[in-house]
Amino acid sequence: MSSAADTGANRPGAFQTLRLLAFALVVGLASLSTAQAQENRPESFADLAERVSPAVVNITTTSTVASRLEGDPRLPEGSPFEDFFRDFFDGPRERPDRPRRNQALGSGFVITDDGFIVTNNHVIEGADEITVEFFSGLELPAELVGTDPATDIALLKVDHDTELPHVPWGDAEAARVGDWVIAVGNPLGQGFSVSAGIISARGRALQGNFDDYIQTDAAINRGNSGGPLFNMDGEVIGVNTAILSPTGGSIGIGFAMSSTVATNVIDQLMEFGTTRRGWLGVRIQDVTAEMADAIGLDEAEGAMVTDVMDGPSKEAGMLSGDVILRFDDGDVSDTRTLVRRVGDAGVGRDVEVVVFRNGEEMTLTVTLGQRELFEAAAREGAPEAPEPEAPASYLGMTLQALDDDVRAELELPSNMSGIIVREVDPDSDAAEKGIRAGDLITEANQQPIASVEDLEARAEEAREAGRRSLLVLLRRDGDPRFVALSLED
């Protein structure tokens with residue numbers, strides 16, 4: 001009894017000791033974590049800034065623009081003196097316009113010791129003269145080697161008697177969200193400036209097909225365009241290009257085109273003076289879950305072909321309705337992935353393309369064309385796709401088969417077939433999927449249709465196959481698009 005009583009009496013002391021030990025352990029771990037965080041955080045960016053700044057340049061461009069008429073004073077709109085000057089000058093004085101010189105500022109960086117310089121296309125676009133100023137104060141005239149508006153990249157060249165300081169490219173794919181970065185450039189024309197931050201996000205797309213932006217909170221302002229985004233090893237992992245801001249100034253959301261995209265563009269500009277991107281010759285769209293179910297695809301992945309133009313893919317036997325699952329030994333997750341990989345694949349190469357068709361995978365060999373040649377031909381007046389306008393009646397739609405009268409009414413080609421959507425029930429699945437009056441439905445279940453009966457037959461086949469959706473191909477203003485319509489009541 002005595003022994004048991006002693007043990008009970010000592011128990012609170014034992015618990016207190018354990019609590020103190022646990023508290024000490026937590027404090028120790030927290031201190032260790034804080035110490036590690038402080039160890040990973042740079043005390044200063046001064047050494048890095050000093051090392052890379054000599055290769056960063058200020059860019060000044062000069063262009064000729066038409067001047068205002070004499071007597072038209074350049075006052076800010078809404079200025080309190082605006083009415084006074086208008087009355088004083090009594091309108092513009094008659095005289096011929098005199099051209100005036102306009103200047104713009106930006107940034108860039110040297111990538112070779114013989115003077116190749118990278119900047120943004122929008123920095124030098126339309127420039128008559130381009131001057132670069134180095135950190136040392138040296139000023140040199142620059143010549144434009146080539147530009148790529150699609151990625152907003154431009155390549156310049158300067159000549160100098162001695163080797164120029166330059167910086168290496170880094171691997172943007174190795175950069176992680178949260179990594180430290182610094183931006184160097186010429187913000188607001190104030191001269192060389194350094195700002196630091198972290199990578200906030202990767203793989204951002206703004207507007208272009210080839211976008212791969214790094215988002216950063218390092219301060220980027222007007223004038224930083226074309227400047228480098230460095231990692232902590234002094235390597236360029238991005239070309240500062242744009243900011244997201246309601247005020248025009250930095251709010252911590254800046255974008256730099258990744259070095260993965262930029263280096264490929266620069267290599268082509270150095271070799272050819274222009275880009276040479278691969279081209280499949282198809283129009284594509286992302287695959288939704290309903291579309292995948294409608295064609296029997298296990299997962300909503302790949303890029304669905306909505307149209308096959310005259311060119312590489314048609315010659316290889318690709319068809320509208322094919323889903324591209326793999327391209328050149330790499331999986332295709334969506335349309336953006338495919339566009340970038342095709343563009344980077346080169347011109348004239350034979351590549352294997354795996355497509356899903358009629359419930360099976362098949363491999364096609366496509367000889368890639370050149371996107372720039374196709375786009376140039378289109379600009380020069382190559383035949384454009386017809387611009388059908390459409391109507392018909394089933395699955396919440398009022399439909400009508402095409403005949404000569406309807407084709408004439410809608411100004412459709414005589415060889416155009418399909419059914420026209422005349423009306424759409426606003427409470428139907430078709431309306432929810434964005435179908436509207438004027439759309440032309442040309443295929444259902446990946447088979448051509450010419451009547452409402454054809455559409456009903458394809459829908460019944462899909463139901464018998466246990467599918468909950470019917471895949472239809474419609475055209476609007478000449479652009480094809482697949483839509484999966486629900487077959488459930």
For segment 119-146: of the residues being polar (S, T, N, Q), at pLDDT below 95 and under 28 Å from ARG277 (Cα atoms), which is surrounded by the most Cβ atoms within 10 Å (Cβ to Cβ)? ASN120
Filtered residues of segment 404-435 (kept if in a loop (DSSP other than H, G, I, E, B) and at pLDDT below 85): GLU411, LEU412, PRO413, SER414, ASN415, MET416, SER417
Collect the residues in segment 310-368 that are in a loop (DSSP other than H, G, I, E, B), in contact (Cβ under 8 Å) with a residue 40 or more places away in the chain and more than 18 Å from PHE482 (Cα to Cα), keeping them in residue-number order. GLY311, GLY317, ALA345, GLY346, VAL347, ARG349, LEU368
Determine whether segment 356-379 contains at least one residue that is surrounded by fewer than 19 Cβ atoms within 10 Å (Cβ to Cβ), basic (Lys, Arg) and either modelled with pLDDT of 90 or more or in contact with a Leu (Cβ under 8 Å, 6 or more places away or on another chain) (or both). yes
Inside segment 449-489, the number of residues satisfying the requirement of being of a type outside the set (A, V, I, L, M, F, W, C) and closer than 26 Å to ASP298 by Cβ is 14
Taking the condition of being in contact (Cβ under 8 Å) with a residue 24 or more places away in the chain, of a type outside the set (Gly, Ala, Ser) and either in a strand (DSSP E or B) or touching a helix residue (DSSP H, G or I) at 6+ places or on another chain (Cβ under 8 Å) (or both), how many residues in segment 436-453 meet it? 8
Of (1) part of a strand (DSSP E or B); (2) at pLDDT below 95, THR260 satisfies every one except (1)
Being surrounded by fewer than 17 Cβ atoms within 10 Å (Cβ to Cβ), out of contact with any Phe, Trp or Tyr (no Cβ under 8 Å at 6 or more places or on another chain), among the β-branched types (Val, Ile, Thr) and not assigned by TED's automatic domain parsing to the domain that holds SER250, is that true of even one residue in segment 159-170? yes
VAL287 meets each of (1) touching a Ser or Thr at 6+ places or on another chain (Cβ under 6 Å); (2) more than 23 Å from THR147 (Cα to Cα); (3) buried (at least 23 other Cβ atoms within 10 Å of the Cβ) with one exception, condition (1)
ILE284 passes all but one of (1) more than 30 Å from PHE482 (Cα to Cα); (2) aliphatic (A, V, I, L, M); (3) in the same structural domain as SER313 (by TED's automatic domain parsing); which number fails? (1)
Which residue is farthest from the chain's Cα centre (by Cα), if the candidates are limited to segment 285-325 and must be within 28 Å of ALA378 (Cβ to Cβ) and among the charged types (D, E, K, R)? GLU315
State whether the residues of segment 214-237 include one that is within 22 Å of PHE134 (Cα to Cα) and part of a helix (DSSP H, G or I). no
Candidates ASN209, ASN231, ASN186 - the one that is in the same structural domain as ILE266 (by TED's automatic domain parsing), crowded, with 21+ Cβ neighbours inside 10 Å and more than 20 Å from PRO42 (Cβ to Cβ): ASN186
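Listed residues ASP128, ASP148; which is over 23 Å from GLY203 (Cα atoms) and not hydroxyl-bearing (Ser, Thr, Tyr)?
Working: ASP148 fails: over 23 Å from GLY203 (Cα atoms).
Selected residue: ASP128, the only one of ASP128, ASP148 that is over 23 Å from GLY203 (Cα atoms) and not hydroxyl-bearing (Ser, Thr, Tyr).
Does HIS166 satisfy being touching an Asp or Glu at 6+ places or on another chain (Cβ under 6 Å) and in a loop (DSSP other than H, G, I, E, B)?
Details: touching an Asp or Glu at 6+ places or on another chain (Cβ under 6 Å): yes; in a loop (DSSP other than H, G, I, E, B): yes.
Criteria met by HIS166.
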Could you check segment 391-435 and list, in sequence order, the residues that are free of Cβ contacts under 8 Å to residues at least 40 places away in the same chain and of a type in the set (D, E, K, R)? ASP403, ASP404, ASP405, ARG407, GLU409, GLU411, ARG422, GLU423, ASP425, ASP427, GLU432
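The values are calculated or read from the model by the stated rules, or taken from the named source; none is laboratory data. On a predicted model such as this, the values are computed, not experimentally measured, just so you know. Neighbour counts are summed over all protein chains in view; Cβ atoms, including those assigned to glycine, are modelled from backbone coordinates with ideal geometry.
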